[in-house]
Structure formats: structure tokens, C-alpha cells
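Notes follow once the structure below has been shown.
The numbers here are math on the coordinates, done by the rules we state, and not lab data. All of these numbers come straight from a predicted model, not from anything done at the bench. When we count neighbours, we look across all protein chains shown, and the Cβ atoms used for this are built from the backbone with ideal geometry, even at glycine.
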Amino acid sequence: MEIESTRGVSGGGTWPELALNVSATCPARSILSSTLGLRMAKRVRRRGIRAILMAALLLSSASAFGQEPKAGPPSIEETGADVPLLLASSDPRELAWATHLVGKRRLHDLAPALLDLLAEIPEGPRDDKDFAFRNAMHSLIELDAEVPHDLLLKVYKRYSQEVMYYLSRAPERHEEALLHLLREPVFTDHYFAAIILLASINSPRLAASILKDIELTLWLTVRDDGRNKATPGEGWGMTGTGIFIVPDGYPPSYLYKVYAGPAPPGSQRRELVASRRLVQPGKENGVSDCTSSGFDMKNNYVLEGLARLLNTSVSDLGMQLSTTQVVAWVNAAQFQSDVAAVKKRLAKPYRRLVRRCFDKDLISHSDLSSLKPKIEVSIKDRRKDRRVKLPPVSDDPQQ
């Protein structure tokens, strides 16, 4: 038996076929060859049928694959919707698109409509219009539109990062709003931002405003055992974090952040960082709303602002914001005298700084006489014998 193997094409496929050439030289071999040939032929036919079916399946799949996928519904932006009409919509998604497109298409004539919308921001928790409000503030930033100070302060309560970013772009136009924020309970980093922005325009009211904010701290430990070591007060830290997600079907949004960055190498001056990043719908994004660290961080920011106004370094100001002191207990009168002496030493650099600002015309005569150091006294009573109560400490820095 002679077998030749060849490869051919069957049914349009690429499956191999086996061709047989049989030569019989004896009956037994002939019968055997016939039986083998019959079996092999059946196998070939089965393979041919399978090949045809496979080819048909492949052709059907190829045809379906070549078809264009069905397109989803176009976005509001793709439809070329009428933005003024969308601004009047009660649907939160359409309103979010409208406020987004005002800035993207530079529709300056619609800026008043965005101001009217922001004036409607409700008190309390966020609602389904949140993305419309947020995008409205973003579009006003893009348009460099003028926003009234009272409205900025209202929006700040809800979208503080957006407002601080807006103020950082043109502080000379928003001195009143920045000075107002110094008197409000804002994030510590935003307090720094307001100081630095006001210092950059040499605001004549900045020095007096922030000198009032300086709080000196005296950590006292009272002992009667002869020990003279004290432990300073501990600081605190806080960060507000969360997850920000733009729902599917809504326009993209932006996350803003304004904060005190680190000082460049060789410098004592921190840098003010104002940043934003694009957020696409359907993706989770971590967000941090505030950062603060250290009980006297606010005081440090005040010193940085004053140093810039005086065109010097923080170390050159010679300020000591806090001190720790051990007072040896003798009696009540001696205790009050010792505390008064420590407070006077702590207040002295502050008085020099006030005078220095006056000499540079940064504060007025009335400021010079009215600015007094504020000293917070924290007392730890470590006496073994406490039968005599500690006498009260006067708020007067001279006593």
C-alpha cells in the first residue's frame, strides 16, 4: 500500500485532506486495503462536512464583525443644543451641560445668567444641582468675568477652592473679598493664600489686619520639686478628604485646589499653589478640601506675609510665637510675678514688630497704639503639694 499525503482546500476552508493511492498485490492485502480505504474515506467526508460548517460560521462572523456598531445617543454638546434654552431647564443634567458650555464656547453674554444661578445656591447639604453650580463657577473663571464680592463670599461657603482660584488670578480686583476672608473661619491654607495675595498687591490694610491675628502661647509648668524640665504643647493636624465622581451623561468637571506649597530650596518663603485638574464622568477622584498642621501654623503664615511686606525673611523678624517655662512654686504672689515677667519677655518681640511696621508706613498711628499682644497661657500644675490653689493669671501681657 502506497500512501501519498497532500494538502488541499475543501469547502473554501484551509483544513488538510488526505489523498490515498492504493495498489493491491494480493487478495488479503486487497481486502485490508479496501477496508482501510472505506474507513479513511468516511473520515475524510466527516472532516469535509466539518470544514464546510466551520467556514460558514467564519464567514457569518466576519460579515457581522464588518458591520458598523450601533451608535449611542449623542451628548448634549454634540446635538448643538441651544445653551440659553438649557439654562432655563429644570433638569439637573441639562443645566450642568449649559453651565459647562458657557465657558467652553466663551459665551460672555451669558455670564449674568451664571451669576443669577449662583445666587440661588441653597444652604445646607449639596443637592442634584451641585454640578451646575460647580460648572457655573468654572465657566466664570474661564470667562474672567467679574463676580460681586458678596456673591463670592456666599459661594465660598460651598465651593471654597473654586473661589480661591478665581481670586488668585486677579487679586488687585478683589482686595475687599480677600480682606473679608481674613476675618472669616476659613481653611488655614486659604488664610495663607489671602495673605500672600494681599501682600502681592501691597494692600495698605493687610499689616494691621494680620498683626491682630497673632496669638502668642506660653506653656507653663508649675513645680515644687526642684525639677526644671517642661514638655511643650502638642500640635494638631487635620485633613478633609473624600471621593468626587461626575455621573455618566454629565459634562466633565474640574477639581480646584489652592494651598501653601513648600518653600523652594534656599528660601524661607512658601509658594502659593493654585491648581486644577479635569475630571471625566464615571471615574472616582480623591479630593482633599483642607489641610492644616501645627497649632501655630496660622501664626507662621502671618509672619510670612509680614516678612514679604517688609521685604525681609521670617527669621529676621525675630518673633517667638511660643515658649515653655517652668515656674518654681514659692507662694501665690511670687507665682504671679514670675508669670508676668515671662509674658513681658514673650510680648517684647511683638511690640518691636509693630513698631517696625509703623516705621515702614504699613500701619497707622491709631494701629500703633491699639495693637496689643495676645498671649494664651496654658498651665500644668505638677506640684506635689496642691493645698494652695494657683492664683489666676491676668490677660494683660504686662502683668
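Taking a Cβ cut-off of under 11 Å around residue 254, the surrounding Lys, Arg, Asp and Glu residues balance to a net charge of +2, with basic ones at +1 and acidic ones at -1.
For the listed peptides 139-147, 156-164, 216-224, a ranking on the average number of other beta carbons within 10 Å per residue, highest first, reads 156-164, 216-224, 139-147. Shape analysis of segment 146-204 places it in the oblate category; the axes a ≥ b ≥ c from the Cα gyration tensor give an a/c of at least 1.5, with a/b not above b/c. With a ≥ b ≥ c taken as the square roots of the eigenvalues of the C-alpha gyration tensor of segment 339-383, please select rounded if a/c is under 1.5 and otherwise prolate if a/b is larger than b/c or oblate if it is not? It comes out prolate by the Cα gyration axes.
Highest mean first, the peptides 165-175, 327-337 sorted by other C-beta atoms within 10 Å per residue fall in the order 165-175, 327-337. The protection proxy used here, the mean number of other Cβ atoms lying within 10 Å of each residue, ranks peptides 255-264, 197-206 as follows, highest first: 197-206, 255-264. Between residue 170 and residue 359, the simple spin-label model (points 7 angstrom out along Cα→Cβ) gives 3.9 nm.
Once the Cα-Cα distance is subtracted from the 0.36 nm per residue extended length, the residue 326 to residue 394 segment shows a gain of 22.7 nm.
Each Cα pair of segment 315-399 feeds into the Kirkwood radius, which the Stokes-Einstein equation turns, at 4 °C and 1.567 mPa s, into a diffusion coefficient of 87 µm²/s.
Estimated from the Cβ-Cβ distance and a Förster radius of 45 angstrom, the FRET efficiency linking residue 224 and residue 315 is about 0.75.
For the cross-link pairs 348/372; 344/380; 212/298; 212/348; 348/374; 212/257, the ones whose C-alpha atoms lie over 18 Å apart are 344/380; 212/257. Backbone geometry of segment 320-326 corresponds, through the Karplus equation with coefficients 6.51, -1.76 and 1.60 at θ = phi - 60°, to 3J(HN,Hα) couplings of 10, 7, 8, 8, 10, 8, 9 Hz, x marking Gly and Pro. For segment 184-200, putting each phi into the Karplus relation 6.51 cos²θ - 1.76 cosθ + 1.60 with θ = phi - 60° gives couplings of 9, x, 9, 4, 4, 5, 6, 4, 4, 4, 4, 4, 5, 5, 5, 5, 5 Hz, in residue order, rounded to whole numbers and with x for Gly and Pro.
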